[in-house]
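Asks: One structure, pasted below without further comment.
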Amino acid sequence: MRKNSFNMRVNWGDTDKAGIVYYPNYFKWFDIAGHQFFRSIGLSPAVLEKERGVIIPLIDVRCTFVKPLFYDDIITIHTEVSEIHNKVFKLSHEVYCGSDKTGYGYEVRGWVKNIDGKYKAVPIPEDVITILKQDIKSDESNLNPQLNA
């Protein structure tokens, strides 16, 4: 299945009083990683909404914390499509600092359209399923908007 990785810097505001990354930031990073993933395949959330009338809301999320992260650490987030169903898909995320895995988890997102003023899950189109199933790791080595934040 499709994969993507990118780097980020841990900012001061991501840490608690002890200088350790505050746990909700993993969920923020998973969200950023999901958006980066879709940008990497040419289907940014803005493009999905504008061209296909689709949004990809979060339905479920989970994170397991392994090791602490600290201010100014450079982290790499690896994202991979791990499941595709008729109307939902799962993105699995792993967060590394160097070679150390610091946390991992997933997001389940729906393929949703506004139909007659109500948001409803609809089948994921075959062309998108084909893209998501490709065993390709996107190269985003030049696209690190958060690294210098």
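Asks: Scan the range 66-86 and report the pairs whose first residue is on the phi > 0 side of the Ramachandran plot and whose second residue is among the hydrophobic types (A, V, I, L, M, F, W, C), with Cβ atoms within less than 7 Å and a gap of 6+ or a chain change.
Replies: As it stands, the answer is Asp72/Val10, since those pairs meet every condition given.
Asks: Test each condition in (1) in contact (Cβ under 8 Å) with a residue 40 or more places away in the chain; (2) out of contact with any strand residue (DSSP E or B) (no Cβ under 7 Å at 6 or more places or on another chain) for Tyr26 and report the one that comes out false.
Replies: Unmet for Tyr26, out of (1) in contact (Cβ under 8 Å) with a residue 40 or more places away in the chain; (2) out of contact with any strand residue (DSSP E or B) (no Cβ under 7 Å at 6 or more places or on another chain): (2).
Asks: Return the total of residues in the range 60-97 being farther than 18 Å from Asp31 by Cβ and among the polar types (S, T, N, Q).
Replies: Within the range 60-97, residues that are farther than 18 Å from Asp31 by Cβ and among the polar types (S, T, N, Q) number 1.
Asks: Determine whether the range 2-13 contains at least one residue that is at pLDDT below 95, part of a loop (DSSP other than H, G, I, E, B) and buried (at least 16 other Cβ atoms within 10 Å of the Cβ).
Replies: yes
Asks: If I filter the range 36-55 down to residues being of a type in the set (Gly, Ala, Ser) and assigned to a loop (DSSP other than H, G, I, E, B), which single residue comes out as farthest from Ile77 (Cα to Cα)?
Replies: Here the answer is Gly53.
Asks: Sticking with this structure for a sec: Could you tell me which residue of the range 16-42 is surrounded by the fewest Cβ atoms within 10 Å (Cβ to Cβ), considering only residues that are more than 21 Å from Val66 (Cβ to Cβ) and within 13 Å of the chain's Cα centre (by Cα)?
Replies: His35
Asks: Before we move on, is Tyr119 surrounded by 13 or more Cβ atoms within 10 Å (Cβ to Cβ), out of contact with any Phe, Trp or Tyr (no Cβ under 8 Å at 6 or more places or on another chain) and assigned to a strand (DSSP E or B)?
Replies: The answer is no for Tyr119.
Asks: Ok, one more. Check the range 98-112 and report whether any residue there is more than 20 Å from Pro24 (Cα to Cα), assigned to a strand (DSSP E or B) and either in contact (Cβ under 8 Å) with a residue 24 or more places away in the chain or among the β-branched types (Val, Ile, Thr) (or both).
Replies: Looking through the range 98-112, at least one residue is more than 20 Å from Pro24 (Cα to Cα), assigned to a strand (DSSP E or B) and either in contact (Cβ under 8 Å) with a residue 24 or more places away in the chain or among the β-branched types (Val, Ile, Thr) (or both).
Asks: Report, by residue number, each residue of the range 43-79 that is out of contact with any His (no Cβ under 9 Å at 6 or more places or on another chain), of a type outside the set (A, V, I, L, M) and more than 14 Å from Met8 (Cα to Cα).
Replies: Matches in the range 43-79: Glu49, Lys50, Glu51, Arg52, Gly53, Pro57, Asp60, Arg62, Thr64, Phe65, Lys67, Pro68.
Asks: Name every residue in the range 53-65 that is more than 15 Å from the chain's Cα centre (by Cα) and exposed (fewer than 14 other Cβ atoms within 10 Å of the Cβ), in order of residue number.
Replies: Gly53, Thr64
Asks: Let me ask something additional. Against the definition (touching a residue at least 24 places away in the same chain (Cβ under 8 Å), within 22 Å of Ile131 (Cβ to Cβ) and in contact with a helix residue (DSSP H, G or I) (Cβ under 8 Å, 6 or more places away or on another chain)), how does Leu48 come out, yes or no?
Replies: Answer is no for this residue.
The values are calculated or read from the model by the stated rules, or taken from the named source; none is laboratory data. Given the structure is predicted, the values throughout are model-derived calculations rather than measurements. Note: ideal-geometry Cβ built from the backbone for every residue, glycine included; neighbour counts use all protein chains shown.
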